[in-house]
Amino acid sequence: MSTGAWVWAAVRTTWESDPVTDQHAAPAGHEAAAGSPGRRRGPVSSFLRETAIILVSAIVLSWLVKTFLAQAFFIPSASMHDTLLEGDRVLVSKLAPGPFDIHRGDIVVFSDPGGWLDQQTVPETNVVQDALIAIGLMPQQSEDHLIKRVIGLPGDRVASTGDGSPLTVNGVPIDESEYLAPGASPSERAFDVVVPSGSIWVMGDNRQHSADSRWHLGDPGGGSVPIDDVVGTAFVKLWPVDRIGLLRNPGDVFADVPDPS
């Protein structure tokens, strides 16, 4: 073999065995065409799949939280001024009643025991908002719920002379100035009740603008609310931003109240 032929053979052998050269030597567009769609579809499909998993997980988690732990509610009326104002959003713990007990002074959300909401109006919602409310991503519009403060527990005797004097619970006068609306008197209606077993006595902080237990003395239960109707206790204001804050139980107001005899 001549030197030129030998050199040509070596070059040819190197050309054919070079993997980089081989890649470029493949039929034009053949490998690229086979691989490109896979590269385009892979990241996109993975992203869509992961996004779907995240969204579904978030929805399920939100629903579980709303069902078992906490739920947001919209405040539609002035009955709890100045503690809560119209348009406020509050977060309600569903652990009381349940693992934890309800206490005097707690702010509770409860289902309408019957006829309490005849005059209350709430904002209208659309289908999308209803769906978001159902899974807990929007606050409940309170169309069939109320929010009041617990004054009496099962067996407590709650009374008022109706002349602006302090309420008494189990014979002990209570100073409610910590949460009553400015200018509100403890009660303009006289009453004297013993809270039935399994129920609570509730009143709004804006007493002269709250159709609470006092206004339902003739209803079944004598105005008391069955504990089974309680959704939970409000513990934080979520909205608007300038009103965000904890809703604390004023335990000192009821500190001297004895257990019912």
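Each value in this text was obtained by applying a stated rule to the coordinates, not by laboratory testing. Keep in mind the model is a prediction, meaning the values are calculated, not measured. So basically every Cβ, Gly included, is an ideal-geometry build from the backbone, and we count neighbours across all protein chains shown.
When 174, 151, 102, 54 are sorted by how many other C-beta atoms sit within 10 angstrom of their C-beta, beginning with the fewest, the order is 54, 102, 174, 151. Remark: the residue 111-residue 197 segment gains 29.2 nm on full extension, using 0.36 nm per residue and subtracting the alpha carbon distance. Sorted on the mean count of surrounding Cβ atoms within 10 Å across their residues, most packed first, peptides 45-51, 72-78, 165-171 read 72-78, 165-171, 45-51.
Between amide H atoms placed 1.01 Å from N, distances below 5 Å from residue 106 occur with 150, all of them 5 or more places distant or on a separate chain. The alpha-carbon atoms of region 72-254, seen along their principal axes, cover 50, 34, 34 angstrom, with the largest extent given first. Separation of region 178-240 from region 77-111 is 11 Å, based on Cα centroids. Full extension of the chain between residue 58 and residue 144 yields a length gain of 28.3 nm, computed as 0.36 nm times the residue separation minus the alpha carbon distance.
Suppose the chain between residue 101 and residue 241 were pulled fully straight at 0.36 nm per residue; how much longer would it get relative to their current alpha carbon spacing?
Taking residue 101 through residue 241 to full extension adds about 47.4 nm, to one decimal.
Rounded to the nearest Hz, the phi-derived 3J(HN,Hα) couplings of region 161-172 under the Karplus curve 6.51 cos²θ - 1.76 cosθ + 1.60 (θ = phi - 60°) are 7, x, 10, x, 6, x, 5, 10, 10, 6, x, 9, where x marks glycine and proline.
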